[in-house]
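Report on the structure given below.
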Amino acid sequence: MADNLSEALKTLKLSSADSASDSVEGCLDCLLKALAHNNVETSGKIQEMGALAMMPALLSAQNSCTPKVANIIAEVAKNEFMRSPCVEAGLIPPLVQLLNCKDQEILLQTGRALGNICYDSHSLQAQLISMGVIPTLVRLLGVHSQNTALTEMCLIAFGNLAELESSKEQFASTNIAEELVRLFSKQVEHEKKEMIFEVLAPLAENDVIKLQLVDAGLVECLLEVVAQTVDSDREEDVAQLKTASDLMVLLLLGDESMQKLFEGGKGSVFQRVLSWVPSNNHQLQLAGALAIANFARNDGNCIHMVDTGIVQKLLELLDRHVEEGNVTVQHAALSALRNLAIPVINKSKMLLAGVSDVVLKFLKSEMPPVQFKLLGTLRMLIDTQADAAEQLGTKTNLVERLVEWCEAKDHAGVMGESNRLLSALIRHSKSKNVVRTVIQGGGVKHLVTMATSEHMIMQNEALVALGLIAALDLDCAEKDFVDANLAQVLLKLLTDEHSAPEIKYNSMILICSIMGSEPLHKEVQSLAFIDVVSRLRSHENKTVAHQASLTEQRLTAQS
């Protein structure tokens, strides 16, 4: 075999490239046979003998040998060590050129060769994209949709190229959406559908393509897949149901595609997706809740959905998942409720529907994603709702859990949201009972720490809540304020040149509020606040300068 191979390689090097002579054809057959027998060894020999350098000329000749040459390159490039030599031999340009020919066998082998050379190399794939292969391959898919092998080759290529961000713009300028949806709607085999799904998922991350896919009718195809697989226990059907419903949710992440499918809340797609929420299938419950969360990305949609009773569906779903619940479903349903609670008009309606009671059932959850969404949902609900804030803020079990989560250092999101909800309960209720519950639950020190947050909005929320604590129950909070070094924190905020004007303003308001406490008064005096405040009288912000004058007067009067 080895002798034959060496002979064939020598003959190949001697033959002229443009002759589709029998000798060239025989040599190529010999190489293919040797590659089939021992690919690695044969590939090494081909490189060693310098045969790759012959290939560009053989490819450019475009004759009966061409498919065999492309096939040899495809086989050789299965080996990682051969890919760079193929690039160095200049094989990519003539192969790309061949994608324009009509011969289906040449197209198939060329596609394989390019795919294998560029396998796993983002830089080479990017090179193909810049050489314009995407429009060419999309055209091929349309022309040769009857040829199964060619179709698969195109799909594999799309799957690889679609991962690259630079490809999305090119794909968006072709009719890829129509071609893929047309192909998908004709498929009956599970594997084929999976292949198309693998291309659709990365493409659907692009907002322009999302809309093209919706226009091309992908949603109807996906709903069809769901209907066919929802009651099946077969592993492949379960997988397909998940892929189809996940893709549906992905399409709703684009603002335009989402609004198109919402159709003012009357869209058939929107109605179908709603029917998933009460189903017994966890995957559909999850997709239904995520879809609602996506539809709830603007106030108009949120108001419409709350008015049409979606909240009840979500609450029933959550109730089913309290004990031994599915965490992803809990997370998705809470996300949907949080989004729906954003418009002010929805808050009181949702509170009346009993949302806070159902959400509180998840306080015992040990899953940070669920904790995070639960906190966000409650915070949205009580915003501007004094009665609800008072009701929740006097629940000892809630406040104690918040204080516990304020120490969740491993989960910054949960920690931040707990602090913000603690502050919100005080700010929106302005209630002495809530303040007392927070003080007794040990929440004061966390609000003082929150005032040092790197996020200005959180600093501000903390200072306003601390101001209310000082105004409503200073005696009770005094010890906690002293232990948490509140005076030093305020001094740092006032002297920090990066502090925003509202932070300085609220810090001075708080200083005035704590002057009624003897130990805090002493601390303020010992830290020479009066000097700091007098310097702020010349602050460029008039409100800050005015408050500095008032604070200085207060400090002077009480010194």
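Using only Cα atoms, find the angle between the long axis of helix 486-495 and the longest principal axis of the chain, and express it within 0 to 90 degrees, rounded to the nearest 10.
70 degrees
Which FRET efficiency value, to the nearest 0.05, is calculated for Ala36 and Asp410 with the Förster distance at 51 angstrom and r the Cβ-Cβ distance?
0.40
Report, in degrees rounded to the nearest 10, the 0 to 90 angle that the Cα long axis of helix 456-483 makes with the longest principal axis of the chain.
40 degrees
For the chain, give the magnitude of the charge dipole about the Cα centre (Cβ charges: +1 Lys/Arg, -1 Asp/Glu; no others), in debye to the nearest 20.
The dipole of the chain has a size of about 1440 debye.
First check a/c for the range 402-528, with a ≥ b ≥ c the square roots of the eigenvalues of its C-alpha gyration tensor; if it is under 1.5, answer rounded, and if not, answer prolate when a/b is larger than b/c or oblate otherwise.
oblate
Looking only at Cα atoms, what is the convex hull volume of the range 239-367 per residue, in Å³?
So the per-residue hull volume is 100 Å³.
Apply the Karplus curve 6.51 cos²θ - 1.76 cosθ + 1.60, θ = phi - 60°, to the phi angles in the range 132-137 and return the couplings in whole Hz, x for Gly and Pro.
Listing the rounded values in order: x, 6, 4, x, 5, 5 Hz.
Give the calculated FRET efficiency between Glu497 and Ser549 to the nearest 0.05, with a Förster radius of 25 Å applied to their Cβ-Cβ distance.
About 0.80, to the nearest 0.05.
Which aspartates and glutamates, if any, have their Cα less than 12 Å from the Cα of Lys349, not counting same-chain residues under 8 positions apart?
Asp307
From the Cα gyration tensor of the chain, with a ≥ b ≥ c the square roots of its eigenvalues, which class applies: rounded if a/c is under 1.5, or else prolate if a/b is larger than b/c, or else oblate?
Prolate.
Name the lysines eligible as straight-distance cross-link partners of Lys10: C-alpha to C-alpha under 21 Å, and not fewer than 8 places from it in the same chain.
Here the lysines satisfying the reach criterion relative to Lys10 are Lys33, Lys45, Lys68.
Can you pull the percent of Cα pairs in the range 460-531 with separation above 17 Å?
The calculated P(r) of the range 460-531 puts 35 percent of pairs beyond 17 Å.
Rolling a 1.4 Å sphere over the protein heavy atoms, what is the accessible area per residue of the chain, to the nearest Å²?
44 Å²
Using a 1.4 Å probe on the protein heavy atoms, what percent of the accessible area of the range 66-222 belongs to carbon and sulfur?
Accessible surface attributable to carbon and sulfur in the range 66-222 totals 50 percent.
How large is the charge dipole for the range 196-258, taken about the Cα centre, if only the Cβ atoms of Lys, Arg (+1) and Asp, Glu (-1) carry charge, to the nearest 20 debye?
Using Cβ point charges on Lys, Arg, Asp and Glu, the range 196-258 gives about 60 debye.
Residue by residue, what Karplus-based ³J(HN,Hα) values in Hz, rounded to whole numbers, does the range 373-381 have, using 6.51, -1.76 and 1.60 with θ = phi - 60° and x for Gly and Pro?
Ordered by residue, 3J(HN,Hα) equals 5, 4, 5, x, 5, 5, 5, 5, 5 Hz.
Find how many whole Å separate the alpha carbon centroid of the range 413-469 from the alpha carbon centroid of the range 93-108.
Going from one Cα centre to the other spans 67 Å.
For Val143 and Asp383 in one chain, what is 0.36 nm times their gap in residues minus the Cα-Cα distance, to one decimal in nm?
Full extension from Val143 to Asp383 adds 80.6 nm.
Would you mind checking the tilt of helix 327-340 against the longest principal axis of the Cα atoms of the chain, expressed as 0 to 90 degrees and rounded to 10?
With both axes taken from Cα atoms, the answer is about 60 degrees.
What is the range 491-559's relative contact order, in percent, from Cα pairs under 8 angstrom and six or more apart in sequence?
Reported relative contact order: 34 percent.
Between Lys522 and Thr308, with labels modelled 7 Å along Cα→Cβ, what's the label distance in nm to one decimal, could you check?
Rounded to a tenth, the inter-label distance reads 6.6 nm.
The values are calculated or read from the model by the stated rules, or taken from the named source; none is laboratory data. These numbers come from a predicted model, not from an experiment. Cβ: placed from backbone, ideal geometry, glycine included. Neighbour counts: every protein chain shown. These accessible areas exclude ligands, DNA and RNA; they are computed on the full protein's heavy atoms, side chains included. Shrake-Rupley method; radii C 1.70, N 1.55, O 1.52, S 1.80 Å.
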